[in-house]
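Here the structure comes first, spelled out in structure tokens, and everything after it is commentary.
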């Protein structure tokens with residue numbers, strides 16, 4: 001009997017996890033004063049808009065390493081003595097949103113695994129830059145990025161202090177950047193995470209699309225039709 005109860009609890013737990021992904025991903029709407037509906041669509045690897053979504057792609061690259069880290073559970077940004085200058089890249093497939101959608105707001109939600117600050121550094125600012133004209137993939141490394149990569153406008157920023165107890169960060173993104181991704185999916189090359197720090201041992205570690213499911217990056221897009 002005890003074994004049966006434990007087995008039943010385990011089945012219910014798994015079902016709850018799957019249900020939390022598939023039901024929480026239903027497209028939400030909000031009615032505005034002029035009777036236009038604002039739709040909310042969220043994207044998260046393996047969960048949103050459904051557990052079948054695999055449109056998230058990310059990696060981090062470092063100047064002292066010849067390989068990238070496409071399957072890492074971390075997105076690293078900053079500079080360390082071992083790895084050198086470190087960037088991260090992230091992209092979401094947004095083709096589930098109609099091309100005629102008019103973006104009202106877009107928020108990137110990141111979970112901070114950890115951070116490291118050297119003596120005298122009290123805060124690090126991460127810039128999220130729009131990647132242009134480079135259809136990178138999981139094989140990307142630092143040399144490939146230097147030879148082919150390019151960025152355009154700043155899509156968002158976040159500043160993290162050495163005393164910050166927050167774990168989850170909501171970064172408002174430039175609506176024009178996201179609007180272009182929706183209207184022209186072929187120009188959606190994602191974002192480069194960059195921190196212009198000159199000293200070593202200053203690193204921000206965000207959870208990646210391969211991290212624990214609740215902590216994976218989320219892109220929330222709000223739009224009208």
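All of the numbers you see were taken from the coordinates with simple rules; none came from a lab. The shown structure was predicted, so the numbers you read here are calculated from the model rather than taken from an experiment. Cβ coordinates were reconstructed from backbone atoms using ideal geometry, including for glycine residues, and neighbour counts include every protein chain displayed.
Computed from the Cβ-Cβ distance with R0 of 22 Å, the FRET efficiency linking residue 65 to residue 199 stands at 0.70. Between region 62-121 and region 151-216, the C-alpha centres lie 5 angstrom from each other.
Between residue 125 and residue 148, the FRET efficiency from the beta-carbon distance, with R0 = 30 Å, is close to 0.70. The base-10 log of I(q)/I(0) for region 54-179, evaluated at q = 0.11, 0.17, 0.20 Å⁻¹, reads -0.43, -1.04, -1.38 [Debye formula, identical scatterers on Cα atoms, solvent excluded].
If the segment from residue 168 to residue 186 were pulled out straight at 0.36 nm per residue, it would be longer than the present Cα-Cα gap by 3.5 nm.
Taking 17 Å as the cut-off, the amide N atoms of region 193-214 that come nearer than this to a point 7 Å along the Cα-to-beta-carbon line of residue 114 belong to 201-208, 211-212.
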